[in-house]
Amino acid sequence: PLTDKYSVVMPVRGEGYEKWWVSFRDPTLDHLVEQALSDNLSLAEDEWRIKEAQSNLRRAGSGVSGNAELEASGTSTGSEAGSLELTALVDIFGRRAARVSAAKARLEAERLGELDTRRRLLLELGSAYVDLRFFQETLNERQGDLGSRRTTLREITKQREAGAATELDVVRAKALVAEIEVDIPQLGANIIEQRNRITTLIGKPAGDLGVGLAYSGTQPHPQGVAEIGVPADLLRQRPDIRQAERLYAAAISDMAEANASRYPSLSLSGLVRAPFDGSGGSESQTAGLIIPVFSQGALAAEEKAAAARANQAYLQWRAAVLSAVEEVETALASLRGSLNAVGAARRVVALNDQSLSLTRRLLENRGDITVLDLLDRERTVTNSRTTLAGIQRSVALDFITLRAALGEGSDVRIVQ
């Protein structure tokens with residue numbers, strides 16, 4: 001099965017971390033998710049950001065252990081001798097350790113950023129797929145309404161010829177037909193727009209989808225919606241929140257490095273000279289204390305700037321937390337409202353269909369009904385079906401939004 005191709009990495013809630021798109025039980029959506037997680041260009045770009053951060057960490061950690069940095073240079077004079085100069089900078093106050101800590105936090109932040117890209121990608125892909133099916137459903141309904149209204153127009157035209165209807169009735173019926181004819185081309189354009197959006201998200205040129213998206217006859221509807229709960233460890237699930245926390249940690253390390261750079265450091269230097277003719281060599285060693293006396297003003301300013309950046313990172317972390325809580329609360333309220341409205345909308349559609357059928361029958365039997373009543377019933381049926389399709393769309397979109405707001409799906413990768 002398609003779902004067997006998924007594996008979970010960096011689990012947040014342990015085993016069973018749900019892949020929310022499986023709740024739709026839609027093989028087409030599953031296939032699109034698989035392609036997006038494999039071929040999306042933003043994810044590929046994040047992979048290179050991670051590699052860059054790994055290189056920065058190696059560069060920050062290079063040097064002699066024990067908080068010392070070592071530099072070496074070699075020279076030779078003709079064929080007589082060669083020399084190697086060694087310089088070690090002993091980091092007494094932890095400047096190098098702070099730099100390594102900052103680089104490590106930024107690497108973790110990049111990894112979490114890649115997870116957040118996955119979260120947002122799945123949100124956008126799922127929403128585009130739901131919108132596509134909504135427009136296809138609406139187009140299908142409009143085409144059915146167009147046939148019904150044309151039938152009504154023919155009936156009214158016959159009644160007009162028999163003297164049972166007025167020219168105004170015929171004009172009104174024609175106007176209802178024209179309303180539908182106006183909507184259909186725009187719906188076709190909306191369908192193409194969503195298809196193009198989906199192809200871009202899965203890393204392909206527009207039109208080169210590689211999977212059939214013909215109308216399946218139904219709109220996506222998630223299963224088990226009533227089982228949704230909001231976990232208490234929301235802050236541990238959202239990768240963007242964890243990324244903001246790591247960036248804050250990096251900013252704190254930057255501040256520590258800026259502070260350490262204001263203090264003296266010990267420099268140990270040595271020169272080793274060895275002639276190539278096999279005679280005895282020589283070596284010399286020197287030690288010195290580097291005191292940044294004249295640069296204290298600039299170093300103090302940099303320390304204050306680093307502290308300001310740390311405060312900014314802290315506020316950005318708080319803002320990420322507040323935004324996540326807001327998204328979850330809003331999505332929950334919206335989903336509850338949409339679920340409660342679906343049943344009522346279906347009843348409205350059924351009653352309006354029944355009312356239209358009865359109106360046609362009464363008009364055919366010359367009952368106590370007018371042509372205007374029939375035209376009003378036609379418009380009401382169309383509106384109620386549009387409302388139902390819109391609410392079903394909202395249920396799916398709210399479900400996806402809530403899952404994304406909870407951070408679900410961000411740690412899923414495709415097993416190649």
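Annotations
- Gyration tensor (alpha-carbon) shape descriptor, the range 328-416, a/c threshold 1.5: prolate
- Mean Cα-pair separation over length for the range 137-177, i.e. relative contact order, pairs under 8 Å, 6 or more apart, %: 42 percent
- Amide N of the range 113-156 lying under 12 Å from the label point, which is placed 7 angstrom from the Cα of GLU181 along Cα→Cβ: 150
- Cα gyration tensor shape of the range 92-211, rounded if a/c is under 1.5, else prolate or oblate by comparing a/b with b/c: prolate
- Cβ-derived FRET efficiency at R0 41 Å, ALA206 paired with LYS174, nearest 0.05: 0.65
- Computed from the C-beta positions of GLU327 and GLU52, the FRET efficiency with R₀ = 30 Å rounds to 0.50.
- For the pair ASP376 and ALA214, the difference between a 0.36 nm per residue extended length and the Cα-Cα distance amounts to 55.1 nm.
None of the figures in this text is laboratory data; all of them are computed from the coordinates on show. Remember, it's a predicted structure, so these values are computed and weren't measured experimentally. FYI the Cβ positions are ideal-geometry reconstructions off the backbone, even for glycines, and counts take in every protein chain you see.
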